[in-house]
Amino acid sequence: MKGAMKALRLHKTTQKIVDGLKLETVPIPEIGPRDVLIDIKATGLCGSDIHFIDGSSILPKFPTILGHETAGIICEVGSEVKDYKVGDRVCANFATPCGKCYQCLTGRPSICPNRSMIGVTDDGAYAEYVKTASSALIRLPDNIPFDQGAAATDAVATPFHMISKRSGMKPGDTVAVFGLGGLGIHAVEIARMYGAGMIIGVDVDDYICERAKKLFGADEVINSRKIDAVAEIKRITGDGVDISLEVVGVPESQLQAVNCLRPGGRALMGGLGAAPVAMPNTGIFVRREWEVLGCYAFENLEIEKVLKLASAGRLDLSKTVTSHIKLEDISVGLQDLHQKKGYPIRIVAVQD
Ligand SMILES: [Zn+2]
Ligand SMILES: [Zn+2]
């Protein structure tokens, strides 16, 4: 499709988040034979983009259109694409694995080292249109709106991957979730769906803690700025939790996520950060046979499962999107997300 579109591009890193992206007119991407062009209807604003803007995550090239959780309608298909057509409602996995490397061939496509990623290695979805490989598409069920579909591709699929693929969670397990924002709140919901015996949410804000308890099903919540989270979790559970999920990516909460485990427990680190992962003293760690696992991204099938669960009413995404904004207002939205202004879970940019 020839023509021009509006897009938000990052030219260089800055600490002033609101100044990072420039609204520009750029050519509509040209698709290859296995690609599709999506007329974007909704794109979620993600904390990862704040890391790209402030430089704590490194973008491979500048300028790049950011935005990696998106849903829309296919408006052009490449000559070799047979399973999708113009008009299909879809969302996209931001990453396209190579399909050939060791990780891809052993069932770990989310950590394929050769993957291309919209909004990272390729231009993303803070734009009117985005090009993606057709292999990255997931069909959007008719009863799932675009905004929820967009959020499902990252904010929900990430904790789903942590729990379903990495945690080994079993019915009745006690679970602690550190960070109750966009990822953590869905970790609480999914842990509940998985049959967790008790879910303890930890955050540093009273409102966010209470929301996790009232709206998303956390059994207990702890404001770790006011209360020693590890001591409180041990008091509630007796000897610690079976599984902890850390989605903040800061050393202080990582250390709490490990120290709150019962002997033999498992901590999953899913929050991105710049500092080394914080760990307890070797003697304690070794004697308790604790496990600490990194968790990254998700697979197409996991997004598909999240959407099916939502479509069937088993996973409630109706409270996921806390505000809708326009493409032009994404920079302000990212700043609000950064400052937690209005306590966003997912801010989604929507277009007609
Ligand atoms: Zn993201
Ligand atoms: Zn690969």
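Every residue, every condition in (1) of a type outside the set (S, T, N, Q); (2) under 19 Å from Gln335 (Cα atoms), yes or no:
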residue	(1), (2)
His11	yes, yes
Gly20	yes, yes
Gly32	yes, no
Asp39	yes, no
Ser57	no, yes
Leu66	yes, yes
Ile74	yes, no
Asp88	yes, no
Tell me the residue from Ile31, Ile38 that is away from ligand 1 (no atom under 16 Å from the Cβ), closer than 21 Å to Thr153 by Cβ and not in a loop (DSSP other than H, G, I, E, B), please. Ile38
Could you list, in sequence order, the residues of the range 207-250 that are closer than 22 Å to Thr158 by Cα, open to solvent by 50 Å² or more (accessible area, probe 1.4 Å) and either outside the structural domain of Val175 (by TED's automatic domain parsing) or not in a loop (DSSP other than H, G, I, E, B) (or both)? Lys213
Flagged in the range 114-148 as hydroxyl-bearing (Ser, Thr, Tyr) and either part of a loop (DSSP other than H, G, I, E, B) or under 17 Å from Ile347 (Cα atoms) (or both), in numbering order, are Thr121, Tyr126
Leading residue by the ranking (least open to solvent (accessible area, probe 1.4 Å)) among those in the range 22-65 that are of a type in the set (S, T, N, Q) and within 17 Å of Asp336 (Cβ to Cβ): Thr43
Mind listing just one residue for me: the one in the range 171-195 that is free of Cβ contacts under 8 Å to residues at least 40 places away in the same chain and assigned to a loop (DSSP other than H, G, I, E, B) and, of those, least open to solvent (accessible area, probe 1.4 Å)? Gly195
Residue by residue through the range 254-268, note down the ones that are open to solvent by less than 30 Å² (accessible area, probe 1.4 Å) and in contact with an Asp or Glu (Cβ under 6 Å, 6 or more places away or on another chain). Gln254, Ala257, Gly265
Odd one out for Val18, checked against (1) more than 16 Å from ligand 1 (Cβ to nearest atom); (2) among the β-branched types (Val, Ile, Thr); (3) closer than 23 Å to Leu140 by Cβ; (4) open to solvent by 20 Å² or more (accessible area, probe 1.4 Å): (3)
If I ask for residues that are surrounded by fewer than 15 Cβ atoms within 10 Å (Cβ to Cβ) and over 24 Å from Ile111 (Cβ atoms), which ones from the range 286-296 would you list? Val286, Arg287, Glu289
Can you name the residue in the range 1-15 that is surrounded by fewer than 16 Cβ atoms within 10 Å (Cβ to Cβ) and hydrophobic (A, V, I, L, M, F, W, C) and, of all such residues, is modelled with the highest pLDDT? Ala4
For the range 76-115, which residues satisfy the criterion of being within 16 Å of ligand 1 (Cβ to nearest atom) and without any contact (Cβ under 8 Å) to a residue 24 or more places away in the chain? Arg115
Where residues in the range 90-118 are open to solvent by 30 Å² or more (accessible area, probe 1.4 Å) and touching a strand residue (DSSP E or B) at 6+ places or on another chain (Cβ under 6 Å), which of them is nearest to ligand 2 (Cβ to nearest atom)? Arg115
Out of the residues in the range 307-326 meeting the condition of being crowded, with 20+ Cβ neighbours inside 10 Å and closer than 22 Å to Ile40 by Cα, tell me which one is farthest from the chain's Cα centre (by Cα). Ala310
Filter result for the condition that a residue is of a type in the set (Asp, Glu) and in contact with a Gly (Cβ under 9 Å, 6 or more places away or on another chain), over Asp206, Asp173: Asp173
How many of the residues making up the range 66-89 are aliphatic (A, V, I, L, M) and open to solvent by 60 Å² or more (accessible area, probe 1.4 Å)? 1
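The values are calculated or read from the model by the stated rules, or taken from the named source; none is laboratory data. Just so you know, these numbers come straight off a predicted model, no measurement behind them. Quick reminder, even Gly has a Cβ in these numbers, built from the backbone with ideal geometry, and neighbours come from all protein chains shown. Please note that ligands, DNA and RNA were not included when accessible areas were found on the heavy atoms of the full protein model with its side chains. Shrake-Rupley method; radii C 1.70, N 1.55, O 1.52, S 1.80 Å.
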